[in-house]
Amino acid sequence: MTRLLPTSTAGSLPKPVWLAEPEKLWSPWKLEGEALAESKRDALSLSLAEQQRAGIDIVSDGEQTRQHFVTTFIEHLSGVDFEQRETVTIRNRYEASVPSVVGPVARERPVFVEDALYLRSQTDRPIKWALPGPLTMVDTLYDAHYRSREKLAWEFAAILNEEAKALEAAGVDIIQFDEPAFNVFFDEVNDWGIAALERAIEGLKCETAVHICYGYGIKANTEWKSTLGSEWRQYEEIFPKLRTSGVDLVSLECHNSHVPMDLIELIRGKKVMVGAIDVTTNRIETAEEVAATLREALQFVDPDKLYPCTNCGMAPLPREVAQGKLKALADGAEIVRRDLTGSEPSPVQRKAEETVGAS
């Protein structure tokens with residue numbers, strides 16, 4: 001991954017209409033059995049083609065084979081009952097009906113490895129694969145067995161480590177752990193959350209990342225954000241300890257947020273995935289807007305450590321909007337690359353820029 005400012009997505013991309021209801025989070029599948037399995041692979045191939053066409057450097061599965069970034073992994077584990085559901089408050093801000101932990105949790109077989117092998121067979125670009133983080137998994141369940149968030153997190157960390165090692169063996173280049181709960185439960189994060197995350201990455205030779213965002217553009221999240229004031233300083237609580245952790249990359253939300261960019265100073269030395277695309281609006285950023293976010297970030301992170309990405313997943317957005325945002329991300333990163341290297345745009349790039357300027 002020697003390319004300067006390699007672009008990637010933070011997580012999910014919209015699913016095609018024939019697989020699940022569009023513009024809706026956690027939509028049920030429209031198919032069953034072998035037809036569903038084949039359609040998931042088709043959707044994965046389509047998502048990959050859209051990323052490559054947009055110019056994304058580090059590609060992903062777009063979470064095309066998952067209904068939910070946490071529970072799809074959990075539903076493959078023993079010890080969790082999806083019929084025995086409870087309503088709990090998750091992320092300290094909204095209620096959800098969640099499955100119950102009813103016994104010792106265990107991973108009896110690989111969860112995403114087959115999907116990762118398929119993606120690896122379809123591209124020679126670097127692959128990033130997302131897994132839920134231990135604390136966020138704990139916060140998306142009702143625990144009727146361990147009765148301890150910390151004990152359950154450590155169990156999940158060991159399970160995640162098994163899956164991560166298998167994904168690495170399948171050819172995944174970066175394994176990302178999604179931890180939106182890190183922006184909420186600061187005492188738990190610092191007491192045992194980061195330690196559990198390090199257990200999850202133990203022994204991995206591929207690069208590892210933690211994605212910490214302010215959530216999808218759903219009503220509960222946007223309402224919560226409106227209470228956070230003119231500066232969102234949640235990262236300030238957790239970055240100092242993350243800086244000394246073994247995680248290689250830290251992913252944070254930047255564009256159109258109230259996160260002070262200078263908080264990146266608190267993780268100096270780490271590679272930083274800078275969220276330069278707002279996933280809460282259908283408005284497509286211009287390449288120059290993306291470039292402006294990246295230039296601001298470069299005041300606090302070295303160019304070889306900056307990875308432009310989206311703020312969060314884009315599953316609820318219209319597909320054409322998500323595609324436009326991916327293209328803006330890639331084009332914005334290219335503008336800044338030329339700033340840094342002094343290179344001239346190619347004839348194709350120059351023609352595209354002239355077309356945009358004339359429109």
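Bear in mind that the values in this text are calculations on the coordinates, not laboratory data. Being a predicted model, the structure only gives us computed values, none of them experimental. Glycine gets a Cβ as well: all are built from the backbone with ideal geometry, and neighbour counts include every protein chain shown.
How high is the relative contact order of the range 10-122? Use alpha-carbon pairs under 8 Å, at least six apart in sequence, and give a whole percent.
22
Please list, by residue number, everything in the range 2-43 whose backbone N is under 13 Å from a paramagnetic label point 7 Å out along Cα→Cβ of LEU340.
2-8
Tell me, which cysteines of the chain are without a disulfide-compatible partner by the Cβ under 4.7 Å rule?
So far as the 4.7 Å Cβ criterion goes, CYS206, CYS254, CYS309 stand without a partner in the chain.
Ranked by Cβ crowding within 10 angstrom, fewest neighbours first, how are LYS151, LYS219 ordered?
On the way: LYS151 14, LYS219 9.
Neighbour counts put them in this order, fewest first: LYS219, LYS151.
Going through the cross-link list LYS15/LYS241; LYS40/LYS270; LYS24/LYS270; LYS15/LYS219, which pairs have a Cα-Cα distance over 32 Å in this structure? It would help to have the intermediate numbers written out before the result.
Details: LYS15/LYS241 36 Å; LYS40/LYS270 35 Å; LYS24/LYS270 34 Å; LYS15/LYS219 21 Å.
Pairs exceeding the cut-off: LYS15/LYS241; LYS40/LYS270; LYS24/LYS270.
Where both residues lie in the range 33-341, what percent of DSSP beta bridges are antiparallel, nearest 5? Mind showing how you got there, number by number?
Details: 10 of 36 bridges.
Around 30 percent of the beta bridges assigned by DSSP in the range 33-341 are antiparallel ones.
Just PRO110, PRO180, PRO132 to compare: in a GNM of the chain, with alpha carbon springs under 10 Å, which one fluctuates most?
Of the options given, PRO110 has the highest mean-square fluctuation.
Could you check the simple spin-label distance between GLU288 and ASP187, using points 7 Å along Cα→Cβ, in nm with one decimal?
4.9
With the cut-off at 1.5 for a/c, could you classify the range 29-92 from its C-alpha gyration tensor as rounded, prolate or oblate? Could the numbers behind the result be given before it?
Details: a/c = 3.06, a/b = 1.64, b/c = 1.87.
Oblate, because a/c is 1.5 or more while a/b does not exceed b/c.
Residue farthest toward the positive end of the dipole of the range 81-147, with Cβ of Lys/Arg at +1 and Asp/Glu at -1: which of TYR142, PRO104, ILE90?
Result: ILE90, furthest along the dipole toward the positive end.
With point charges of +1 on the Cβ of Lys and Arg and -1 on the Cβ of Asp and Glu, referenced to the Cα centre of the chain, which listed residue (VAL172, LEU5, TRP26) lies farthest in the positive direction of the dipole?
LEU5
Between (i) 22.0; (ii) 24.9; (iii) 17.4, which matches mean projected area of the Cα convex hull in nm² calculated for the structure shown?
Label of the calculated value: (iii).
Arranged from highest to lowest average of other beta-carbon atoms within 10 Å per residue, in what order do the peptides 115-121, 337-343 appear? Don't skip to the end; give the middle numbers.
Details: 115-121: 18.6, 337-343: 12.3.
Put in order of decreasing packing, that is 115-121, 337-343.
Which listed residue (PHE186, VAL59, ASN311) has the Cα farthest towards the positive end of the charge dipole for the chain, taking +1 on Lys and Arg C-beta and -1 on Asp and Glu C-beta about the Cα centre?
VAL59
So what J values fall out for the range 310-318 if you push phi through Karplus, 6.51 cos²θ - 1.76 cosθ + 1.60 with θ = phi - 60°, rounded to Hz, Gly and Pro as x?
Per-residue couplings from phi come out as 8, 4, 7, x, 10, 3, x, 7, x Hz.
Can you give me the C-alpha center-to-center distance between the range 60-129 and the range 171-218, rounded to a whole angstrom?
15
What is the fewest-to-most order of GLU223, GLU289 by other Cβ atoms lying within 10 Å of their Cβ?
Details: GLU223 11, GLU289 18.
The most exposed by this proxy come first: GLU223, GLU289.
For the range 141-236, give the magnitude of the charge dipole about the Cα centre (Cβ charges: +1 Lys/Arg, -1 Asp/Glu; no others), in debye to the nearest 20.
Values: 9 positive and 18 negative charges, 49 e Å.
With Lys and Arg at +1 and Asp and Glu at -1, about 240 debye.
Quick check on the range 143-214: take the gyration tensor over C-alpha atoms, sort the square-rooted eigenvalues as a ≥ b ≥ c, and tell me if it's rounded (a/c under 1.5), prolate or oblate. Let's see the in-between values first.
Details: a/c = 2.34, a/b = 1.47, b/c = 1.60.
Oblate.
Evaluate E = 1/(1 + (r/R0)^6) for SER78 and LEU228, where r is the Cβ-Cβ distance and R0 equals 41 Å; express this FRET efficiency to the nearest 0.05. Walk me through the intermediate numbers first.
Working: r = 39 Å, r/R0 = 0.94.
Once rounded, the FRET efficiency stands at 0.60.
Let's see if you can work this out: charge +1 on each Lys and Arg Cβ, -1 on each Asp and Glu Cβ, no other charges. What is the dipole magnitude of the chain about its Cα centre, in debye to the nearest 20? The partial results should precede the final answer.
Working: 40 positive and 57 negative charges, 70 e Å.
With only Lys, Arg, Asp and Glu charged at Cβ, the dipole is about 340 debye.
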